[in-house]
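In what follows, a structure is listed as structure tokens, so that the remarks can point back to it.
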Amino acid sequence: MNKVYYTKTKTNNFNEISIIAKTMLGKFIQDSSIKLNYTIPIKVHFGERGNTTFIPAIAYEGIIDLLKEKNIDTAFIETNVLYRGSRTSKDSHIEIAKEHGFTQIPIIIADGNIGENFYEQQINKKYFRKCKIGAEYEKYNQIIVCSHFKGHIAAGFGGALKQLGMGFAARGGKLDQHSLYLPIVNQTKCISCRKCIDKCGARAIVLSPKAFIDKNLCLGCAGCIATCTSGAINHDWEGHNFMEKMVEYAYAASLNKQNIYINFASNITKDCDCMGHQMQAIAENVGIFLSTDPVAIDAASLDLLQEQSGTRLFDEGRKTLEYATEIGIGNMDYELIIEN
């Protein structure tokens, strides 16, 4: 049974939240036997353009200060998104990150310009034999994974497991999770510009007379989706068995790593921070959680949210906890350590 450290706070002042996070992390490092690496990046979500309820940059100031005090190099790290938006490619992704205030430390986009840089982590699970993880993540065996605990349309809720499964995946890995199908071309939208052909390293796309993707050659990297300026290339957003697939990617992302997980249960919205519009909180703030077990921290975050709200909010997401426990990422059982 792994420990989950918890500080209750209702505040919307992210300066205060930053101080609490620093205190919790400092106490955890002091009291535990965990060994810190010389370089530890911080996995965050920069928020889509138009979104106002993502966890802001100032919330991470305390964590950054603590790492600097211990002479540990750090950077923000993230991967490009699958959908067409402000975080689809490296340059625009960094641009929106800076617009949102993430300027304290360097920014690493782990899967390259449009998702082409990844390594394949072998897992041999039910849905995936290998998973496409952003290449830069392979350089680190310890990451501070910071997650905004809130709702998610496909996963039930977004927490540490989603931050691992979706947030560490290269764009092709995100495609793997969302769909059974490789990218397809809407022939009526295709303008035969050849941009997708020029970008396809697998030589899987030809013009005949519109773009056509050879599924026998396609690697599923999803780079063509990002490159297509006419919106002709897409995939099936509905997906199949998304929760289990996301969990298997979380398994791949966390394999052989000594991560520290921090969940911020503030600004709890119905949908995720990828939504490019303003949203309203649907529950009161719960607080901050810290653990080395991504399953335990998500279970504790969900349990306390439901206990505080008197509802079964996000309960469909328990399927992710069950499958994550089954395949050995962590354990749903936990010991809650309440800190003042």
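The values are calculated or read from the model by the stated rules, or taken from the named source; none is laboratory data. These figures come from a predicted structure and were not determined experimentally. Please note: Cβ atoms are built from the backbone with ideal geometry, for glycine as well, and neighbour counts cover all protein chains shown.
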Check region 65-78 and report whether any residue there is among the aliphatic types (A, V, I, L, M), in contact (Cβ under 8 Å) with a residue 40 or more places away in the chain and in a strand (DSSP E or B).
yes
Output yes when any residue across region 294-304 is in a helix (DSSP H, G or I), of a type in the set (Gly, Ala, Ser) and touching a Pro at 6+ places or on another chain (Cβ under 9 Å), and no when none is.
no
Between a residue in region 185-213 that is touching a residue at least 60 places away in the same chain (Cβ under 8 Å) and any residue that is among the polar types (S, T, N, Q) and surrounded by 13 or more Cβ atoms within 10 Å (Cβ to Cβ), which pairs come within a Cβ distance under 7 Å, given they are 6 or more apart or on different chains?
LYS199/THR227
For a quick check of your reading: which strands (runs of 3 or more DSSP E) sit entirely within region 145-255 and have at least 1 residues that are assigned by TED's automatic domain parsing to the domain that holds ASP298?
150-152, 156-158
How many residues are within 26 Å of ASP333 (Cβ to Cβ), surrounded by 14 or more Cβ atoms within 10 Å (Cβ to Cβ) and out of contact with any Ser or Thr (no Cβ under 7 Å at 6 or more places or on another chain) if we restrict to region 24-45?
5
Within region 200-237, can you find the residues that are exposed (fewer than 13 other Cβ atoms within 10 Å of the Cβ) and of a type in the set (Gly, Ala, Ser)?
GLY201, SER208, GLY231
Please tell me if ASN37 is assigned by TED's automatic domain parsing to the domain that holds ILE133, farther than 28 Å from GLU284 by Cα and in a loop (DSSP other than H, G, I, E, B).
yes
Output the number of residues of region 97-106 satisfying the condition of being crowded, with 20+ Cβ neighbours inside 10 Å and either among the β-branched types (Val, Ile, Thr) or assigned to a helix (DSSP H, G or I) (or both).
1
When (1) under 23 Å from LYS27 (Cβ atoms); (2) under 19 Å from the mean Cα position of the chain (by Cα); (3) surrounded by fewer than 18 Cβ atoms within 10 Å (Cβ to Cβ) are applied to LYS319, the one that fails is (1)
